[in-house]
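Here is the structure we will look at, set down as structure tokens.
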């Protein structure tokens, strides 16, 4: 039953990532630039969305796979690190997907080895 739940959750996340409107994608990228460099636009809606993604990712990851950052850091610091990962990602994916990938790298030990941060 637990596997079915996580498969459905994965499918839902995949579909929502693929259908993120360009407007929201640009808002997330601008928010990341604001958090990391101070050059973007601060948007409360986008910040709450990003904080929700962090909370969801920590909740759905098995505790034994959580990184030290996930266990001890604040949500704001976690968002900043995930934004740094997303901004360093040079692929042609939507920025929403890059941010979620950055979250995976930041919060899950199985993906941490793919970090582009030094």
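The values are calculated or read from the model by the stated rules, or taken from the named source; none is laboratory data. Nothing here was measured: the structure is a model prediction, and the numbers come from that model. Virtual Cβ from ideal backbone geometry, glycine too; neighbours counted across all protein chains shown.
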(request) Go through (1) in contact with a helix residue (DSSP H, G or I) (Cβ under 7 Å, 6 or more places away or on another chain); (2) at pLDDT below 90 one by one and return the number of the condition residue 14 breaks. (result) (1)
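Assess whether residue 30 counts as being surrounded by 13 or more Cβ atoms within 10 Å (Cβ to Cβ), modelled with pLDDT under 90 and not in a loop (DSSP other than H, G, I, E, B).
Considered against the rule, which asks whether it is surrounded by 13 or more Cβ atoms within 10 Å (Cβ to Cβ), modelled with pLDDT under 90 and not in a loop (DSSP other than H, G, I, E, B), residue 30 comes out as no.
Is segment 81-91 home to any residue that is free of Cβ contacts under 8 Å to residues at least 60 places away in the same chain and touching a strand residue (DSSP E or B) at 6+ places or on another chain (Cβ under 8 Å)?
Within segment 81-91 (the criterion being free of Cβ contacts under 8 Å to residues at least 60 places away in the same chain and touching a strand residue (DSSP E or B) at 6+ places or on another chain (Cβ under 8 Å)), the answer is no, since none of the residues qualifies.
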(request) Sort through 67, 72, 46 and tell me the only one that's modelled with pLDDT under 95 and surrounded by fewer than 19 Cβ atoms within 10 Å (Cβ to Cβ). (result) 72
